[in-house]
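Undergrad: Below you will find the structure I want to go over with you.
Only the coordinates and a few stated rules stand behind these numbers; no lab work does. Keep in mind the model is a prediction, meaning the values are calculated, not measured. Don't worry about glycine lacking a Cβ; one is built from the backbone with ideal geometry, like all the others, and counts go over all protein chains shown.
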Amino acid sequence: MTALVIWCLGQAGVSFAQPSEAEVRAARDLFSNAVKEEDNNHWQAALTMFKQVSEVKLTAGVRYHLALCEEKLGDLAKALSLYTLAESQARQENARDVLRLVGKQVERLEPRVPRLTVHIVPNTSDALVTLDGAPLGREALDHPYPVDPGTHEIKAVSPGRIAAKGIIMMRESDMSELELKLEPNRDIGEMQPVGSIDPNAPRSSSTAAVSNASPPTLRDRTTAMLATTAAIALTAGGAAAFMMADRALDEGRTSCATVRSTSSDACDSQRFAVRAWDVTAAGVWTGAIVAGTLAVVLWTTSERQAPLNTRISLSVGPTSILAQGHF
């Protein structure tokens, strides 16, 4: 560790931006203080100091210490990436002290880092995938991608499709897969609108696109037919009830004429019979109006999916109408 610190302090004096002498001295002092914080297991404070040092000069040794702090703070994927960069830079700089340390760290950390494989279905070229809000490159899809332990949110969006989101909990050494399905957005519609027909297409193609509407389903026709039949039957029933009321009126007059009584309510029973048939006729005709209105609506509404097994039976009696159906 001492040799590494001495090497880093020596490298901190060389900068692409050619820092001033005061900046170099401040970076050296800050580096030494950061190492002390590491020795006391104050990893967050050390990380903050090393980041400030890296702004003056980002050497392989500084990268190593950044990676070490990230590892101790639990950001394993970030630590592994920094270790790898430190190792590559140390080879370029022939920093053997760093190579000796970083190689062991990479070997030890590799199996601890959880890896997540994200699949997008369908894997369209215009799909945008994010991991915890940060864009995830297409090269990171469909193979194990290192992530930090903890909960992660993956989102995928694509034009014309419903956005997909997944949340997954990862622990050390986990190897998990997550599949996000981008379903077509039916609200937008995948069918070509009439207004976007290819202008170069023949006139007949345009006509076919406009008239490409499915006919009403069997359920539409059956329900509409049932409502129509009920309207007709109820109309007939209302007429029959009206006729029965007229007949009751005639019978009541005849019967009342034979009654020998001075009481004002002597013929009430005949009047009640007439009124009952009148009320029945009015109620049945009201039902006929409702059924007729429903039939018109059903004949003009859009299609609905229905099973093919449909049976209807209609029974009309002198004082009753019974409609039965199976859908």
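Undergrad: How large is ³J(HN,Hα) for each residue in region 68-80, as worked out from phi by the Karplus curve 6.51 cos²θ - 1.76 cosθ + 1.60 (θ = phi - 60°), to whole Hz, x for Gly and Pro?
TA: These are the phi-based 3J(HN,Hα) values: 4, 5, 4, 4, 5, 8, x, 8, 5, 5, 5, 4, 4 Hz.
Undergrad: Can you tell me, using C-alpha contacts under 8 Å and at least 6 residues apart, the relative contact order of region 93-154 as a whole percent?
TA: Once normalised by length, the contact order is 39 percent.
Undergrad: Moving on. Using 1/(1 + (r/R0)^6) with R0 = 25 angstrom and r between the beta carbons of GLN52 and ARG171, what's the FRET efficiency to the nearest 0.05?
TA: Computed FRET efficiency for GLN52 and ARG171: 0.15.
Undergrad: Tabulate in residue order the Karplus-calculated ³J(HN,Hα) for region 111-118, using 6.51 cos²θ - 1.76 cosθ + 1.60 with θ = phi - 60°, rounded to whole Hz; enter x for Gly and Pro.
TA: Each residue's phi maps through the Karplus curve to give x, 7, 6, x, 10, 10, 9, 9 Hz.
Undergrad: Right, next: How large is the charge dipole for region 115-181, taken about the Cα centre, if only the Cβ atoms of Lys, Arg (+1) and Asp, Glu (-1) carry charge, to the nearest 20 debye?
TA: My answer is approximately 240 debye.
Undergrad: Binning at 10 Å from 0, report for region 115-181 what percent of all alpha-carbon pair distances ends up in each bin.
TA: With 10 Å bins starting at 0, P(r) equals 21, 59, 17, 2.
Undergrad: In the structure shown, do any of LYS36/LYS57; LYS51/LYS155; LYS72/LYS165; LYS78/LYS181 have a Cα-Cα gap over 23 Å, and if so which?
TA: Exceeds cut-off: LYS51/LYS155; LYS72/LYS165; LYS78/LYS181.
Undergrad: So, one more: Just in region 152-189: which trypsin sites (Lys or Arg not before Pro) are loop by DSSP and have at most 10 other Cβ atoms within 10 Å?
TA: Loop-located and lightly packed - ARG171, ARG186.
Undergrad: Also: Among GLY150, ILE120, SER173, whose Cα lies farthest out toward the positive end of the dipole of region 115-181, if unit charges sit on the beta carbon of Lys, Arg (+1) and Asp, Glu (-1)?
TA: ILE120
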